[in-house]
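Okay, structure first, notes after.
The values are calculated or read from the model by the stated rules, or taken from the named source; none is laboratory data. Model, not experiment: these values are computed from the prediction. Because the Cβ atoms are built from the backbone with ideal geometry, glycine has one as well, and the counts that use them run over all protein chains shown.
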């Protein structure tokens, strides 16, 4: 996989710093050692590796110890509940703080209201993603 990316970067004159690869926990669960090896090779070329849908899997915290992710994306299910439950506000705050303390950037997925955007801005989340900000384009 890392060779494919290296070939792509060379052939199309793309900078590795402009490429971010997102992986889910389910991908890591199959073979954590092999995944870790491949992800380190990608990072060695300058490609960032992010953990997607953080918090929805079985043991995301253990992956944060084993794999040196550049960032993580907070699953939309946490964001959707922030307006109804202070526990979810606290969880989002804790996830952002933990990720920053580990040197990672954070994306909040599923921003659909101004209140949600204001909350994640107050919590110092790095990036917001969701329909409130724009629909996906092909």
Problem - Candidate set: segment 91-138, residues that are in contact with a helix residue (DSSP H, G or I) (Cβ under 7 Å, 6 or more places away or on another chain) and free of Cβ contacts under 8 Å to residues at least 24 places away in the same chain; chosen: the one nearest to residue 72 (Cα to Cα) - result: 128
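Select from segment 31-52 the residues that are under 9 Å from the mean Cα position of the chain (by Cα) and free of Cβ contacts under 8 Å to residues at least 40 places away in the same chain and write down the one among them that is surrounded by the most Cβ atoms within 10 Å (Cβ to Cβ).
First, the residues of segment 31-52 that are under 9 Å from the mean Cα position of the chain (by Cα): 49-52.
If we keep only those that are free of Cβ contacts under 8 Å to residues at least 40 places away in the same chain too, we end up with 49, 51-52.
Working: 49: 20, 51: 25, 52: 18.
Per the stated criteria, the residue is 51.
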Practice task
Filter segment 71-95 down to residues that are surrounded by fewer than 17 Cβ atoms within 10 Å (Cβ to Cβ) and either in the same structural domain as residue 20 (by TED's automatic domain parsing) or closer than 14 Å to residue 107 by Cα (or both) and give me whichever is modelled with the highest pLDDT.
Solution key: 94
